[in-house]
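Read-outs throughout are calculated quantities, based only on the coordinates presented, and are distinct from any laboratory measurement. Small disclaimer: the values here were computed from a predicted structure and weren't measured. FYI the Cβ positions are ideal-geometry reconstructions off the backbone, even for glycines, and counts take in every protein chain you see.
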């Protein structure tokens, strides 16, 4: 049986630059973004805050949702964040392994 998968949004600040991704290991992946381990968009734009995430039953469902959300207008993405996390708080502590 395939494990859960996640779609997530990282940001550099409230209403700032955002990045949408998907993974099966959310705590590890967010840690990588926060610590600039992998070169790319989130390192360049310092998107180190986990501001939104969504759980899916499998990797393919998460990837599909990620692709859909990347096509959305920015205003729609911001509404999604605001609905889930109105303060734009960093949610990493909520998902990090003790």
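For this structure, a couple of remarks:
- Paramagnetic reach from residue 45 (point 7 Å along Cα→Cβ, amide N under 13 Å) across the range 6-20: 9-20
- In terms of surrounding Cβ atoms within a 10 Å radius of their Cβ, 76, 52, 88 rank from fewest to most as 76, 88, 52.
- Gyration tensor (alpha-carbon) shape descriptor, the chain, a/c threshold 1.5: rounded
- Sequence of 26, 91 once ranked by neighbouring C-beta atoms within 10 Å, starting from the fewest: 91, 26
- Cα gyration tensor category, rounded, prolate or oblate, for the range 19-59 with a/c compared to 1.5: prolate
- As a rough footprinting exposure proxy, the listed residues 3, 22 were ranked by other beta carbons within 10 Å of their own, and the order from fewest upward is 3, 22.
- In terms of packing, defined here as the mean over residues of other Cβ atoms within 10 angstrom, the peptides 34-45, 4-15 line up highest first as 4-15, 34-45.
- GNM on the chain, alpha-carbon springs under 10 angstrom: the most fluctuating residue among 80, 71, 54 is 71.
- Paramagnetic label zone (point 7 Å from Cα along Cα-to-C-beta, residue 3; backbone N under 12 Å) in the range 22-54: 23-29
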